[in-house]
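For reference, the structure is listed below as structure tokens.
The values are calculated or read from the model by the stated rules, or taken from the named source; none is laboratory data. All values reported here derive from a predicted model rather than from experimental measurement. Glycine gets a Cβ as well: all are built from the backbone with ideal geometry, and neighbour counts include every protein chain shown.
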Amino acid sequence: MIYGLRVFAIGGGTGLSTLLSGLKRFIDPPPPGEGDQVYFADLAAFVTVTDDGGSSGRLRDEFQMLPPGDVRNCLVALSEDESLLSSLFQYRFGGDGDLAGHKFGNLFLTALNAVTGDFHEAVRAASHVLAVKGRIFPSTNQSVSLVATMEDGTRVEGETNISTSEGAIDRVSLDPAGCRPPDDALEALAQADLVVIGPGSLYTSLIPNVLVPGVAEAIRASGAVVVYLANVMTQPGETTGYSLADHVRALLAHAPELPITCVLANSAPVPKATLARYREEGATPVVISEPGELPCELVLEDLLSRGPVLRHDGKKTALALQSLFRRMRVEAAPIPR
């Protein structure tokens, strides 16, 4: 039997867009074959909107809009012609004029935001124009900022300041705390078979999404398989010295009602030359914790992309998620489709 999964991916930054690029390869039903087969019939991306740096931050301040950068990456990842759009949307203007430093995709979304008068509508319009294979939701349509309370009690405001702070983070919160997710995002979540959280910056890309009121509760109510897709490396300052269990504990400390079915982590060794370069920047491999340290099952797979920059390989990750879901739901208790 062939099973078409509804996937709801949560995150931000390059981690989410890389995942979406891999999932998109399996959005069409496979030809009939032996045994149970799984494909991703529907893709939904839930994207953090707390970025306040770079081109996104400048546009956010000047036009009083949500930051477009992370959404732009997801649009490119899910577009029909990813290679062409990547070159166009990721093009950064040079020089020293007003456009210097801005990426074309950010300006495109800014113009659509002005035309539609609503960022969520702008994302929808861009998705139609670009023939996006899936749906992209900002985590909230309200202007929201990230605030961190450090372990020494100091308060740091703004995603950029938090990510560059040298202190250890105790908690993060949203301002305003009562922001709401889009209704259609909650509807997509209610229908999800598989929820994937990560990879991405723990405190600035992942946790802000589950802090949006109603999101963690909707994940629990969905009954979906919930996978935390672990980072390969720690992030200097933000998660220095964090083990895999530390990442999961921080996630659950901010959203205790969040159900995590399993953790999917990379098992492939990082090339020595790449590892040395990352160590110079203060990043180290995330230590894989013992199964007993985690509140759920641990699944280890080779998820590593081959290249100078450490990334999850989209295709490998998609195949691992298919296998994981098949074992947990299809083989254990077949679901009708």
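Here is how the numbers come out for the structure above:
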quantity: Selected residue [at positive phi and either in contact (Cβ under 8 Å) with a residue 40 or more places away in the chain or not small (Gly, Ala, Ser) (or both)] from Ala126, Ala131, Ala114; calculated: Ala131
quantity: Neighbours by Cβ (under 6 Å, 6+ apart or cross-chain): first from the stretch 154-168, without any contact (Cβ under 8 Å) to a residue 12 or more places away in the chain; second assigned to a helix (DSSP H, G or I) and crowded, with 19+ Cβ neighbours inside 10 Å; calculated: Val156/Ile162
quantity: Residue that is nearest to His120 (Cα to Cα), among those in the stretch 140-180 that are within 19 Å of the chain's Cα centre (by Cα) and part of a helix (DSSP H, G or I); calculated: Glu159
quantity: The listed residue being β-branched (Val, Ile, Thr) and modelled with pLDDT of 95 or more, out of Val76, Val49; calculated: Val49
quantity: Among (1) part of a loop (DSSP other than H, G, I, E, B); (2) modelled with pLDDT of 95 or more; (3) surrounded by fewer than 19 Cβ atoms within 10 Å (Cβ to Cβ) - the single one Leu107 does not satisfy; calculated: (1)
quantity: Those residues of the stretch 19-42 which are buried (at least 21 other Cβ atoms within 10 Å of the Cβ) and among the hydroxyl-bearing types (Ser, Thr, Tyr), in sequence order; calculated: Ser21
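To keep it simple, each residue is scored yes or no on (1) surrounded by 19 or more Cβ atoms within 10 Å (Cβ to Cβ); (2) of a type in the set (Ser, Thr, Tyr); (3) out of contact with any Phe, Trp or Tyr (no Cβ under 9 Å at 6 or more places or on another chain); (4) over 30 Å from Ser83 (Cβ atoms).
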position	(1), (2), (3), (4)
Glu121	no, no, yes, no
His128	no, no, yes, no
Ile136	yes, no, no, no
Ser139	yes, yes, no, no
Ser143	no, yes, yes, yes
Ser163	yes, yes, no, no
Gly167	no, no, yes, yes
